[in-house]
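Below: the structure, in structure tokens.
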Amino acid sequence: DAKGLGRAGYQFYAAQQSERARERVLLEGDLRRAIERGELELHYQPKVDMRTDRVVGAEALLRWHHAERGMVPPDRFIPVAEDTGLIIPIGEWVLRTACTAATHWNRTRRARGQEALKIAVNLSPRQFWSPHFVAMVRAVMHETGCRPEWIELEITESLLIDTRGQVSEILAELSRLGFTLAIDDFGTGYSALGYLTRFPISTLKIDRSFVNEVATHPARASLVRAIVAMGHSLQLELVAEGVETHEQVQVLREMGCQLAQGWLYGRPQARALFEAAHAPAELPVVTESAPSSQTD
Ligand code: C2E
Ligand code: MG
Ligand code: MG
Ligand code: MG
């Protein structure tokens, strides 16, 4: 707050603010060109069943490799993309890229008799309000050959407390198409719990700030235990976000939370790395050939 800073303090504050505004304008221009320049990349963080340690899916997380600035973290550029509406084309690119990967991986896995991976894609509220959102989603599924049951759409609580009636219709339609819906960062939003039964939600992702302290702060643990119990009685799937220690796994498993994402199990990784670990293509058949067979 600028109040009570005094003249010098205020000038510093104002300078800081305009620096921030300038920064945003610069980022916006660059972000517009990021898709066509191929600077965006999706990384995939494994989602693991804590009882079996098996990878059951992944979350797609956006990365921006800026030509001069290097890696710009999503928490810096996603808000800019939302404010400017650029999240609409970027979000479409994210969905198409994730669906292309999911299709490829799940065809490979099917051929090997492995279960399909479910890939989670983050959606921002702004995308929902774009005029042809559901039509865009259907077109991308058609174009990539991806099946809706391979995709989980992550939304935030703020979307659900929006009073515009259309949210409900859009979520119902996505659910009818066969997508599952997850609430991201659960517990940090408005906690108007009524929405859990009003909308076709299947998954709660317990926010990292709760999971962080689940093994060290008894009050935090009680909260998570209550979330898990509520989730179970509503037949929701529970995912713990940001699991970093074995102690957290132990506590979460004991509570009955089944799924986890976090650095303990794997950081978000580039497509090729994730693929090599979880959906490797058949190795090419190596034919024996002596070096001398080269004729020239
Ligand atoms: P999110 O959807 O809640 O994603 C989880 C974040 O937690 C990711 O940060 C992930 O890298 C980080 N994380 C995972 N495990 C751990 C852990 O064990 N410890 C710690 N400290 N962090 C962990 P990231 O990739 O920086 O993304 C930040 C946020 O940006 C995401 O939060 C999401 O809200 C947004 N975002 C990322 N990609 C997209 C996208 O494609 N579209 C939209 N709309 N938002 C996105
Ligand atoms: Mg997410
Ligand atoms: Mg989250
Ligand atoms: Mg988030």
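Those residues that are in a helix (DSSP H, G or I) and either modelled with pLDDT under 95 or among the hydroxyl-bearing types (S, T, Y) (or both), I need them from the stretch 204-218; list them, please.
Pass one, the stretch 204-218, residues in a helix (DSSP H, G or I): 208-211, 218.
Within the stretch 204-218, just S209 meets the criteria.
Here's the yes/no breakdown for (1) within 19 Å of Y44 (Cα to Cα); (2) within 15 Å of ligand 1 (Cβ to nearest atom); (3) of a type in the set (A, V, I, L, M); (4) within 18 Å of the chain's Cα centre (by Cα):
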position	(1), (2), (3), (4)
W150	yes, no, no, yes
I206	yes, yes, yes, yes
S209	no, yes, no, yes
N212	no, yes, no, no
| query | Within the stretch 236-269, how many residues turn out to be within 24 Å of L153 (Cα to Cα) and either among the β-branched types (V, I, T) or under 14 Å from the mean Cα position of the chain (by Cα) (or both)? | reply | 11
| remark: If we ask which residues in the stretch 167-208 are out of contact with any Asp or Glu (no Cβ under 7 Å at 6 or more places or on another chain), closer than 21 Å to I151 by Cβ and of a type in the set (D, E, K, R), their number turns out to be 3
| request: Return the pairs, sorted by first residue and then second, in which the second residue is in a helix (DSSP H, G or I) and of a type in the set (K, R), the first residue lies in the stretch 236-254 and is more than 15 Å from ligand 1 (Cβ to nearest atom), the beta carbons are less than 6 Å apart, and the residues are 6+ apart or on different chains. | output: none
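Just give me the residues in the stretch 82-92 being surrounded by 13 or more Cβ atoms within 10 Å (Cβ to Cβ) and either acidic (D, E) or closer than 16 Å to G38 by Cα (or both), in sequence order. Let's see the steps before the verdict.
Narrowing the stretch 82-92 to residues surrounded by 13 or more Cβ atoms within 10 Å (Cβ to Cβ): 82, 84-92.
Hits for the stretch 82-92 are E82, L86, I87, P89, I90, G91, E92.
Identify all residues within the stretch 5-37 that are over 28 Å from L86 (Cβ atoms) and basic (K, R); write none if there are none.
Going residue by residue through the stretch 5-37, those that are over 28 Å from L86 (Cβ atoms) are 5-13.
Across the stretch 5-37, the qualifying residue is only R7.
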| task | List every residue pair whose Cβ atoms lie under 7 Å apart, where the two residues are 6 or more positions apart in sequence or sit on different chains, the first residue falls within the stretch 147-164 and is farther than 16 Å from S202 by Cα and of a type in the set (V, I, T), and the second residue, located anywhere, is at pLDDT below 95 and within 16 Å of ligand 3 (Cβ to nearest atom). | result | I161/Y190
| note | Selection from the stretch 136-184 of residues within 16 Å of ligand 4 (Cβ to nearest atom), farther than 17 Å from G91 by Cβ and at pLDDT 95 or above yields I183
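Hey, can you tell me all the residues within the stretch 228-244 that are in contact with a helix residue (DSSP H, G or I) (Cβ under 7 Å, 6 or more places away or on another chain) and either on the phi > 0 side of the Ramachandran plot or away from ligand 2 (no atom under 16 Å from the Cβ) (or both)?
Going residue by residue through the stretch 228-244, those that are in contact with a helix residue (DSSP H, G or I) (Cβ under 7 Å, 6 or more places away or on another chain) are 228, 234, 238, 240-243.
Of everything in the stretch 228-244, those that are in contact with a helix residue (DSSP H, G or I) (Cβ under 7 Å, 6 or more places away or on another chain) and either on the phi > 0 side of the Ramachandran plot or away from ligand 2 (no atom under 16 Å from the Cβ) (or both) turn out to be V228, L234, G242.
Would you list the strands (runs of 3 or more DSSP E) that sit entirely within the stretch 1-103 and hold 2 or more residues that are away from ligand 1 (no atom under 12 Å from the Cβ) and of a type in the set (A, V, I, L, M, F, W, C)? Spell out how you get there, then give the answer.
On the way: elements: 40-49, 54-66, 70-72.
Of the strands (runs of 3 or more DSSP E) lying wholly inside the stretch 1-103, those with at least 2 residues that are away from ligand 1 (no atom under 12 Å from the Cβ) and of a type in the set (A, V, I, L, M, F, W, C) span 54-66.
The values are calculated or read from the model by the stated rules, or taken from the named source; none is laboratory data. Everything numeric in this text was worked out from a predicted model, so none of it was measured. All Cβ positions, even for glycine, are placed from backbone atoms using ideal geometry, and neighbour counts span all protein chains on display.
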